[in-house]
There are 2 protein chains.
Amino acid sequence: MMALGRLDMTSESALRIIATEDAGSDVAPLMQALGQRARQAARLIALAPEEQRNRALLAMAQALRSRAGSILAANAQDIADARAGGQNAAFIDRLLLDGERLDEVAIAVTSVAALPDPVGRVLATWTQPNGLRFERIATPLGVIAVIFESRPNVTADAGALCLKSGNAAILRAGSDSFRTSTEIAAALREGLEAAGLPGDAIQLVPTRDRAAVGAILTGLDGTIDVVVPRGGKSLVARVQSDARVPVFAHLDGNCHVYVHGAADLAMAREIVLNAKLRRTGVCGSAETLLVDEACASTHLAPLVEALLEAGCAVRGDAATQAIDARVTAATELDWATEFLDRIIAVKVVPGIDAAIDHIERYGSHHTEAIVTADEAAAGRFLSEVDSAIVLHNASTQFADGGEFGFGAEIGIATGRMHARGPVGVEQLCSFKYRVHGSGQIRP
Amino acid sequence: MMALGRLDMTSESALRIIATEDAGSDVAPLMQALGQRARQAARLIALAPEEQRNRALLAMAQALRSRAGSILAANAQDIADARAGGQNAAFIDRLLLDGERLDEVAIAVTSVAALPDPVGRVLATWTQPNGLRFERIATPLGVIAVIFESRPNVTADAGALCLKSGNAAILRAGSDSFRTSTEIAAALREGLEAAGLPGDAIQLVPTRDRAAVGAILTGLDGTIDVVVPRGGKSLVARVQSDARVPVFAHLDGNCHVYVHGAADLAMAREIVLNAKLRRTGVCGSAETLLVDEACASTHLAPLVEALLEAGCAVRGDAATQAIDARVTAATELDWATEFLDRIIAVKVVPGIDAAIDHIERYGSHHTEAIVTADEAAAGRFLSEVDSAIVLHNASTQFADGGEFGFGAEIGIATGRMHARGPVGVEQLCSFKYRVHGSGQIRP
């Protein structure tokens, strides 16, 4: 339930937020101090035993419930402002909390407490001939900054995941949810302190000043270890371009389903419809369907008709346009577009090499699926497609930390460094080497 | 033998190299084209089977031997220039190749071929209740840029490690070793092509123009995935400060040995002498000795005398100065200094908390050791000291990929992202998720 899409914000509001940043001379010292406090808290959180971190998470959930009145009142103010500002219904819906939704937020925090402890896992162990015993041990990353937008539940979700993984969090809420997020952050602090942990382990940036984002991207004098942007494409692009610290993010989720010549038609139809239409606004939704010409004569028409009947617009190459008059011509741009809507681009490809080349050329290295009964073809696709997630005979909509069994995710990354694919609590960890000797010296 | 220290360059020469960079308008298109070729080669190398990569490594070693004449002739010219430029004996020695040293370079490349394949390792596998089977598989990172200085063998070492791990390499040699590195790079290209792999998989920057470094640090339009600086502190600092791509590096190796109250004196003496003096110029050499006051009355004097007798200067706190008139007063700066010389700072601390606090305050998160017979104290030290490598009853000089059993290392990292500690071929890999289904769609 915590696996949010990346549509926390319309691109218009993202642009507005970014465009109105100013020099923020008052914000700089505020943010420096916040970074220093986070770094100090991080060390205490990193050393806190699992039981204490879980106790804090449960106390946080309890505080979210006991403070429901003030949280919902703050949300009502945010909603009133958003309505007065002319925000659309979808925006209002993302921003809105009610008793039931707030209870879901608290349940999500409780479920994070129930996850296995990612800290202290023995990732590898071996002994050298000289008797030195080596252990690679999972440790927290340090301080994680999360920049998000209108969904106020991200405050609790991100804070909980950072705490579970032994990290301190700096949370930057969108202006529109600032009051709600401030009240939620107060509940998180109450929970931390109830468990004897520093309240500064989860800090919400206490200003709407847009200069705070720029300050975070500098890394605040080395106090921030990684930045996670949770929002629209313009926010992610800006963070990826300007951050001086590592970023866990994906800019695009231009995902593909390739129906191979040896695909079962019924399975292909179910997977294509699900991959495209189960939810069109999530990053794992399929945007392009590639059909092998080896099965196009039997499979292309039923797949296209099924999509059209389900209310999906189809933009196709010449072969696809020949299927149905409702298919419009796909442009070069369509192959590279993450529609996030009931639109799909469809192309017939002459074989698996062409399918892989198309994905390499237009894709975003996020999630791709092959449908085939041919294990060798599946093996090639899974090996050669350079994406974070590659699936055989399954829907791309499984691109989600919850579906992976991670319990929850803070986002999905398409970079190759450190974290790739769904970023759960394990990926919010680093590691260290513990070496056990009996007096060994190096010759 | 491939675990080089970070003293490839005097800080003077590093500053000279950095300070004389110019706008480099001619260099920009050259570097862009080089980056594009690297990215294209990276895809072919990533998909090359283990056998082919190993065959290329063996052919590279063979080409290094068959081209010995031109390599040594180029080295003689580099050496002549360095002598004419007034470089000191240590610098000349780092730069110098002879038949024996070149043979060692070839042997090192052969030994990389013998390492287990890091690509395609199954890092984890599990099945979800819906029957989806997940695999986390090691994949190459992509394109790795290595910026190094006078040691020409780094050309072959770094190129071999990148190829073994399925990555393309962009190598930037120091001006002083440019001719030698160019000849070595030609041998590597010959080996790649002999095995049917693209020669562009290992490219040496074909100019001494200092603007090439700045171009690499931009990431060359996303064609570089990670930068590894191999050189003096000013080079590393500049790369860490300016790179717009991830960096694997350590700026300082201010390593500590803590002699706990329950330490065996004979073991402590052996470890302290080895950690400080086996080689003083490597990043894992100890720079500060902390002695617990619980054993100071019995252990401090023998440890200090042993260091002094071995020719090591000792800078101590008041208690240490009282041991021997040759001990000078340690300043605040000494605690934070990586001497890389026969100098050690010595302090008596009131207990393990003070030892850990001192390391946290002055250390560089690289490598620290505790000497003690008390397992509980060792456990606390290994858990609470936030360094890449923490050792119990062993010398800090084991901070080396070869000693870890990694076969070879491209460097040692003190960052927390992706790689930490010795960076071997496994750390030069990323990963992807392969998901095996039987028609699953997401409800």
Q) Among the residues of segment B:69-111, which ones are among the acidic types (Asp, Glu) and closer than 14 Å to B:Gly174 by Cβ? A) B:Asp78, B:Asp81
**Q.** Filter pass, B:Ala310 being of a type in the set (A, V, I, L, M, F, W, C), within 14 Å of another protein chain (Cβ to nearest Cβ) and surrounded by fewer than 16 Cβ atoms within 10 Å (Cβ to Cβ)
**A.** yes
Q: Go through (1) open to solvent by less than 10 Å² (accessible area, probe 1.4 Å); (2) within 14 Å of chain A (Cβ to nearest Cβ); (3) at pLDDT below 95 one by one and return the number of the condition B:Val228 breaks.
A: (3)
Q. Considering only strands (runs of 3 or more DSSP E) fully contained in segment A:324-409, which possess at least 1 residues that are open to solvent by 10 Å² or more (accessible area, probe 1.4 Å)?
A. A:343-349, A:389-394
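Please go through segment A:212-225 and give me each residue that is open to solvent by 10 Å² or more (accessible area, probe 1.4 Å) and part of a helix (DSSP H, G or I), ordered by number.
A:Gly214, A:Ala215, A:Thr218
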Q) Looking at (1) more than 18 Å from A:Ala419 (Cβ to Cβ); (2) surrounded by fewer than 22 Cβ atoms within 10 Å (Cβ to Cβ), which is the only condition A:Gly174 fails? A) (2)
Q) If we scan segment A:249-270, do we find a residue that is within 12 Å of chain B (Cβ to nearest Cβ) and closer than 19 Å to A:Thr337 by Cβ? A) yes
Q: Please go through segment B:91-107 and pick out each residue that is in contact (Cβ under 8 Å) with a residue 40 or more places away in the chain and aliphatic (A, V, I, L, M).
A: B:Leu95, B:Leu97, B:Val105, B:Ala106, B:Ile107
Q) Is it the case that some residue within segment A:21-43 is modelled with pLDDT under 95 and among the hydroxyl-bearing types (Ser, Thr, Tyr)? A) yes
Q: Among the residues of segment A:272-304, count how many are open to solvent by 50 Å² or more (accessible area, probe 1.4 Å) and more than 14 Å from chain B (Cβ to nearest Cβ).
A: 4
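Name the single residue, out of those in segment A:313-323 being part of a helix (DSSP H, G or I) and hydrophobic (A, V, I, L, M, F, W, C), that is surrounded by the fewest Cβ atoms within 10 Å (Cβ to Cβ).
A:Ala318
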Q: Answer yes or no as to whether B:Ala268 is of a type in the set (A, V, I, L, M), assigned to a helix (DSSP H, G or I), modelled with pLDDT of 95 or more and not assigned by TED's automatic domain parsing to the domain that holds B:Glu368.
A: no
Q) Hey, among the residues in segment A:201-211 that are open to solvent by 20 Å² or more (accessible area, probe 1.4 Å) and farther than 21 Å from A:Ala156 by Cβ, which one's farthest from the chain's Cα centre (by Cα)? A) A:Asp209
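Mind listing whichever residues of segment A:244-260 are open to solvent by less than 30 Å² (accessible area, probe 1.4 Å) and either touching a strand residue (DSSP E or B) at 6+ places or on another chain (Cβ under 6 Å) or under 16 Å from A:Asp374 (Cβ atoms) (or both)?
If the condition is that a residue be open to solvent by less than 30 Å² (accessible area, probe 1.4 Å) and either touching a strand residue (DSSP E or B) at 6+ places or on another chain (Cβ under 6 Å) or under 16 Å from A:Asp374 (Cβ atoms) (or both), then A:Val245, A:Phe248, A:Ala249, A:His250, A:Asn254, A:Cys255, A:His256, A:Val257, A:Tyr258, A:Val259, A:His260 are the ones that fit.
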Q: Working only within segment A:410-424, note down all residues that are open to solvent by 10 Å² or more (accessible area, probe 1.4 Å) and not in a strand (DSSP E or B).
A: A:Thr414, A:Gly415, A:Arg416, A:Met417, A:His418
Q: Answer with yes or no whether B:Gln203 is within 14 Å of another protein chain (Cβ to nearest Cβ) and of a type outside the set (Phe, Trp, Tyr).
A: no
(Q) Looking at segment B:285-304 only, could you name the residues that are within 18 Å of B:Ala373 (Cα to Cα) and of a type in the set (Asp, Glu)? (A) B:Asp292, B:Glu293
(Q) Against the conditions (1) touching a Phe, Trp or Tyr at 6+ places or on another chain (Cβ under 6 Å); (2) farther than 13 Å from B:Ser181 by Cα, where does B:Leu141 fall short? Just the number, please. (A) (1)
Q. Which of the residues spanning segment A:407-443 are more than 7 Å from every other protein chain (Cβ to nearest Cβ) and without any contact (Cβ under 8 Å) to a residue 24 or more places away in the chain?
A. A:Pro443
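For segment B:34-50, how many residues meet the condition of being closer than 14 Å to B:Leu204 by Cβ and more than 24 Å from the chain's Cα centre (by Cα)?
Total meeting the criteria: 3.
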Q | Number of the exception - B:Thr139 against (1) among the β-branched types (Val, Ile, Thr); (2) open to solvent by 10 Å² or more (accessible area, probe 1.4 Å); (3) more than 14 Å from chain A (Cβ to nearest Cβ) | A | (3)
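The values are calculated or read from the model by the stated rules, or taken from the named source; none is laboratory data. Quantities reported herein were computed from a predicted structural model and do not represent experimental measurements. No Cβ is skipped: glycine too gets one built from the backbone with ideal geometry, and neighbour counts run over all protein chains shown. Heads up: the accessible areas ignore ligands, DNA and RNA and are worked out on the full protein's heavy atoms, side chains in. Shrake-Rupley method; radii C 1.70, N 1.55, O 1.52, S 1.80 Å.
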